[in-house]
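Working notes for the structure below.
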Amino acid sequence: MSTVTITAADINKLRQMTGAGMMDCRKALTETNGDFEEAIDWLRKKGAKVAALRGDREAKEGVVIAQTTPDNKTGIAVCISCETDFVSKNAEFVAFVQSIAAAAVVNNVKSIDELNNVSVNGAKVSDLINDKLASIGEKIGVSKFERLDAPYVASYIHGANRIGVLVGLNKEAAEAGKDLAMQIAAMNPVAVDPGSVPADVIAREKAIVTEQIKNDPKMAGKPDAMIEKIAEGKLNAFFKENTLTAQPFVKDASQSVNDHLKSVDSALAVTGFKRVALG
């Protein structure tokens, strides 16, 4: 039983994150003491159709820029957050974010702290942001930063600067790189392949599918070995849906991303990716 007060705002937030019903959200938050991540897992274990599987998807505004160095060896993705879409859709604000991303690339920046101290036209980024805050009257700041180094890096910006993607390849392949970046933007994989999925993600997913199976009335009294085997099958389905190279290729669902890569170049491989999105 919850020891914290569950408010209507909390319930609405979980509904927005998951698409689950109001009473289910109230019950989930009560059972998990108001922890949103645990509440999402609770809903999934009970068989609820949950729209968001990872992280807090609360909507926020801002601009995401992803770009590479001229030699395509390094990519930078930056999100500058703001409070309203009135600002995020303003051409001057978009240009402002583009100038900061360009400065990150030129100065070989490796972190948000480094970026805030980079100079653009003689002024530090942190000072420029404070000046912009004062002029537009909204809280803004560098909310996300990602960097990717590889033999070849492709970049892609999706949905009016709402998602930025960097994808690394072991060799130059511009068209394939763009296709992969679009795939990552649309399908939001958790890792390159099943072998690179973090152990904690695998453990969490296995616990959820195992609980789902046990809660199925048709599985009542079934031996643990059978439940384990079914759970492994569901886990394999999770890998197929949520790892880049195993996913169906968005431009041709009859083949996987890995199959598509091999059709382009048998030696072509993904070395990594970064996806930065608002929220």
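Figures for the structure shown
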item	result
Simple label model, 7 Å out from Cα along Cβ direction - residue 31 to residue 175, nm	5.0
Local electrostatic count, residue 193, Cβ distance below 15 Å [Lys/Arg +1, Asp/Glu -1]	0
Cα-derived Rg to Rh of the range 114-189, Kirkwood definition	1.10
Nearby lysines by direct alpha-carbon distance to residue 89 (threshold 23 angstrom, same-chain neighbours under 8 apart not counted)	60, 132, 139, 144
Cα gyration tensor category, rounded, prolate or oblate, for the chain with a/c compared to 1.5	oblate
10 Å binning of all Cα-Cα separations within the range 54-119, expressed as whole percents from 0 upward	20, 46, 29, 5
Helical mean residue ellipticity (222 nm; -39500 (n - 2.57) per DSSP H run of 4+; nearest 500) of the chain	-14000 deg cm²/dmol
Cα gyration tensor shape for the range 105-146, rounded if a/c is under 1.5, else prolate or oblate	oblate
Coarse-grained scattering of the range 5-126 at q = 0.23 Å⁻¹, given as base-10 log I(q)/I(0) from a Debye sum over alpha-carbon atoms	-1.14
For the range 61-177, diffusion coefficient by Stokes-Einstein and Kirkwood Rh (Cα), 20 °C, 1.002 mPa s, µm²/s	149
Ordering of 158-167, 195-204, 104-113, 270-279 by burial proxy (mean other Cβ atoms within 10 Å per residue, highest first)	158-167, 270-279, 104-113, 195-204
For the range 209-269, diffusion coefficient by Stokes-Einstein and Kirkwood Rh (Cα), 20 °C, 1.002 mPa s, µm²/s	158
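Values quoted throughout were computed directly from the atomic coordinates according to the rules given, and no laboratory measurement underlies them. Every value quoted in this text rests on a predicted model; they were computed, and no experiment measured them. Positions of Cβ are generated from backbone atoms using ideal geometry, with glycine treated the same way; all protein chains shown enter the neighbour counts.
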